[in-house]
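Okay, so here's the structure we're looking at.
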Amino acid sequence: MHPIRPGFTLFEIAISLVIIAIAIVSAGLAYPAGIKAQHLARFQVYAGVKMLELMDHWSNDSHTRWERQTEAERIGQCTFMRWPVDLDRMLENPVLGLLPLPHALASRIDSDDDEIARLLAEGGTLFFVAPRIYEAGFDMRVSQDADHEHAAVGAESAAPTESQTLVFAVLGYAQQNALPNHPCVAWPYFEFYPAPAQPWERDSWRLNAWPHLAEFESLYDAVNGDTYHAKHADPAAIDDYVAKAAALVSALGLPMTPHGAIGDAPQLPADLATVPVPWPATAIDAYPRPHQVLAMRFLAHAVAARTGSALPPHPDAAFAAYADACHEACLAWAMRYASTSPYDWGAPRPLNRQTCFDFPLLEYDLFSPPRAVGDGTGDVSRPIIAGAQPTNHGQARGVYGWGGSIPANAAEIASSWGDHAHFNLTERFAAAERTRRLACWSVDWRSFEDCESVASDPCDANMHFLDSRGVCVSAERSGYTPDLKYHFSDATRTATCRQIDKGTMMSGPRAAWDTAAFKEAYLGLHGADRNGNGAFDRGPLPASSRLRATSVAAVDFYDRRLISSLRN
């Protein structure tokens, strides 16, 4: 017979229930933490991908510089100078898929070590993920209409809703950057080699007082870039062109080598490869002068024109070979000039010699007094400094807005230089001096009741498509506030304003631009549809509330000073 085992006592049952309850409660308490950890992990994945995208666009930023005027009459008027290589300034362009969060909202957000508060106090900006993203690169000309968003490559798609809770900022101080070019002359210029004399080259010849101006003027009057098409089939005109080009080359005393008599044409210029090394600093055949390079180009073009199919054959059978030899000599002199004289801006670079190493190193002189522009706008600018004093700069050859040519500005360029001893772009540096941090937090700023009624922050005037004198200096939609397409058009907040397209810019509805209603909408004073749903939304939290941001990710990166790309 088996003994009867006693049952559990009530006390033991109670203890068991307590243990089970603790286990259940513990599991319940851990569940929200698990959800939070899962959300954080998802945000970290998204933030990591976004950071890689930002860095990719930032390191290959040439596509953000399109359709902008690169030179102006005076040094303080070129808005292109505001496009530095600082990541935080690049974030102001929606090409990177972010939009600025107004300071009124950002200032209510707390973070570890008060990083966000310090950022804002030092003039920085917090950015949130744009409600719509571009699938195939950014193109501001993509239609804003919902019915046409996917009609072309580069169309927009809606971003994940939860991604808008991610905010980004660049922490740390930026370096002083190199300028993309001189504000008054977008050097280097490029030209065909050979080619006839161009009007701006005539200006340079006169301004720099190069020798034998009379011979150049005679050549220019015979054939130049504006008259060549009308004369290329006239044998007498081209023969005269050859004779005057030869006279200019001879007058300049370029070193020659024998090539046989070709009528009245000069001998071939010396082969620069035969100049002994080291090259004498004063040897013109080692360091060609810009007017000599131009003269060789004119001669090569003239003799090439004489071999054209529209003309009867030259009586000398060796003339075609001579033309080929002149062409080769022309290129040799131009290449030597471009390689040995980077800060001589007298002769343009050959069109087939565009290299990333052929751009002058320029920066603002921050240690010299600023200079007033003197055009009545009150604009000022720092003077310009370079790795060496540029010479033979001539003047700008571009146009001002959609109007005529830029006024003669050689004197402005000559007076623009600061103290070149302050130049520091090539100085040694420590890695810590070039390190900044891209940080990301998660915070649902859309919970504020005024998340869409708060006005957009003031925008840098250089982002505008007009300069300080009211002239259009960028084309189509390349000069607008980042969040313009989401701005509410009026105080009712029932519709968003439309960007001005090229047609209305060119037709000049200036009276409409000057109205208070247009400016209020353009500047976002009525707020913006920041989640992109087409409606005016309000969050549950009063404006007096504060939110705490959760740190999601941070990466350190090298803050370059020069304009460069990792790939084309």
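Going by what's in this entry, would Ser442 be described as touching a residue at least 12 places away in the same chain (Cβ under 8 Å), of a type outside the set (A, V, I, L, M) and touching a Lys or Arg at 6+ places or on another chain (Cβ under 9 Å)? Walk me through how you get there before you give the answer.
Working: touching a residue at least 12 places away in the same chain (Cβ under 8 Å): yes; of a type outside the set (A, V, I, L, M): yes; touching a Lys or Arg at 6+ places or on another chain (Cβ under 9 Å): no.
No, not satisfied.
Does Gly260 satisfy the condition of being part of a loop (DSSP other than H, G, I, E, B), small (Gly, Ala, Ser), surrounded by fewer than 18 Cβ atoms within 10 Å (Cβ to Cβ) and modelled with pLDDT under 80?
For Gly260, the condition - part of a loop (DSSP other than H, G, I, E, B), small (Gly, Ala, Ser), surrounded by fewer than 18 Cβ atoms within 10 Å (Cβ to Cβ) and modelled with pLDDT under 80 - is met.
Quick one: count up the residues across the stretch 330-350 that are touching a Leu at 6+ places or on another chain (Cβ under 6 Å), hydrophobic (A, V, I, L, M, F, W, C) and crowded, with 19+ Cβ neighbours inside 10 Å.
1
Look through the stretch 408-440, keep the residues that are assigned to a helix (DSSP H, G or I) and not aliphatic (A, V, I, L, M), and return whichever of them is nearest to Asp556 (Cα to Cα).
Going through the qualifying residues, I end up with Arg434.
Say we look at the stretch 454-495 and pick out the residues that are farther than 28 Å from Ile406 by Cβ and among the hydrophobic types (A, V, I, L, M, F, W, C); which of these is modelled with the lowest pLDDT?
In this case the residue turns out to be Leu484.
Take the residues in the stretch 273-296 that are surrounded by fewer than 21 Cβ atoms within 10 Å (Cβ to Cβ) and small (Gly, Ala, Ser), then tell me which one is modelled with the highest pLDDT.
Within the stretch 273-296, the match that is modelled with the highest pLDDT is Ala286.
Results for (1) at pLDDT 90 or above; (2) assigned to a helix (DSSP H, G or I), shown as yes or no for each residue.
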| site | (1), (2) |
| --- | --- |
| Phe298 | yes, yes |
| His301 | yes, yes |
| Ala305 | yes, yes |
| Ala334 | yes, yes |
| Ser339 | no, yes |
| Ala347 | yes, no |
| Asn352 | no, no |
| Cys356 | no, no |
| Ala388 | yes, no |
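When only residues in the stretch 374-387 that are in contact with a Pro (Cβ under 8 Å, 6 or more places away or on another chain) and among the aliphatic types (A, V, I, L, M) count, which is surrounded by the fewest Cβ atoms within 10 Å (Cβ to Cβ)?
In this case the residue turns out to be Val380.
Being surrounded by fewer than 16 Cβ atoms within 10 Å (Cβ to Cβ) and assigned to a helix (DSSP H, G or I) is the filter here, so list the residues in the stretch 204-216 that pass it.
Arg206, Leu213, Ala214
Assess whether Arg498 counts as being modelled with pLDDT under 75, surrounded by fewer than 20 Cβ atoms within 10 Å (Cβ to Cβ) and out of contact with any Cys (no Cβ under 9 Å at 6 or more places or on another chain).
yes
Do we have Pro196 as touching a Phe, Trp or Tyr at 6+ places or on another chain (Cβ under 8 Å), over 30 Å from Asp113 (Cα atoms) and modelled with pLDDT of 95 or more here?
When the stated conditions are applied, Pro196 passes them.
The values are calculated or read from the model by the stated rules, or taken from the named source; none is laboratory data. Source: prediction; values computed, not measured. With ideal geometry, Cβ positions are generated from the backbone for all residues, glycine too; neighbour counts draw on all protein chains shown.
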